[in-house]
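What follows is a short report on a single structure.
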Amino acid sequence: MAVSADNRVLVRNDLAWAISVGGVGTVAFAALLLFTWNFAATLFLIFAGMLLGVALNAMSNLFGRLVRLPHALRLTVVCLVLAGGLSGVVFLGGTTIAQQAAVLSDTVKSQLIGLKAFLEKNGIDTSYFNLGNAAATAPGASPPATPGAAAARLPRAAARS
């Protein structure tokens, strides 16, 4: 069965069109992926804001079933109640949370120092672990005599009183 020359030209044009559309689609997808990778934090913030807006709107609508007020006033009341609740949690639990953060920081530091001492005892070089500031680990500086001495160089979470 012989294929006409016009039909072959149409097939070639269709193939060229499909290849060019595929190439443009691939480049567009790569550009979108690059954009998403570079602006992930911004996109996450936008998405979180949209979710917060939906949640506040839903709470405002639920509050509207109880009280007949304009939507803007209900939304204001919901925001104030949530801000007050969050302030109460921070006010009542803030000191405890700060103390627990300081204890956790001390525990993590002591565990890291213990791990470093264990690794050094078993012959593993841990000189690349930067457990202090740059001045204390300068090439001319000697390592601390005891593993506990390195704790003084680690940052500490300070509890405010």
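The values are calculated or read from the model by the stated rules, or taken from the named source; none is laboratory data. Keep in mind the model is a prediction, meaning the values are calculated, not measured. Here Cβ is always computed from backbone atoms with ideal geometry, including for glycine, and neighbour counts include all displayed protein chains. Note: accessible area is taken over every heavy atom of the protein model, side chains too, but ligands, DNA and RNA are not part of it. Shrake-Rupley method; radii C 1.70, N 1.55, O 1.52, S 1.80 Å.
The residue that is modelled with the lowest pLDDT, counting only those in region 56-105 that are open to solvent by 60 Å² or more (accessible area, probe 1.4 Å) and within 30 Å of PHE129 (Cβ to Cβ), is ILE97.
The residues of region 1-50 that are small (Gly, Ala, Ser), part of a helix (DSSP H, G or I) and exposed (fewer than 10 other Cβ atoms within 10 Å of the Cβ), listed by number, are ALA5, ALA41. Considering (1) under 30 Å from VAL54 (Cα atoms); (2) within 24 Å of the chain's Cα centre (by Cα), the lone condition that PHE91 does not fulfil carries the number (2).
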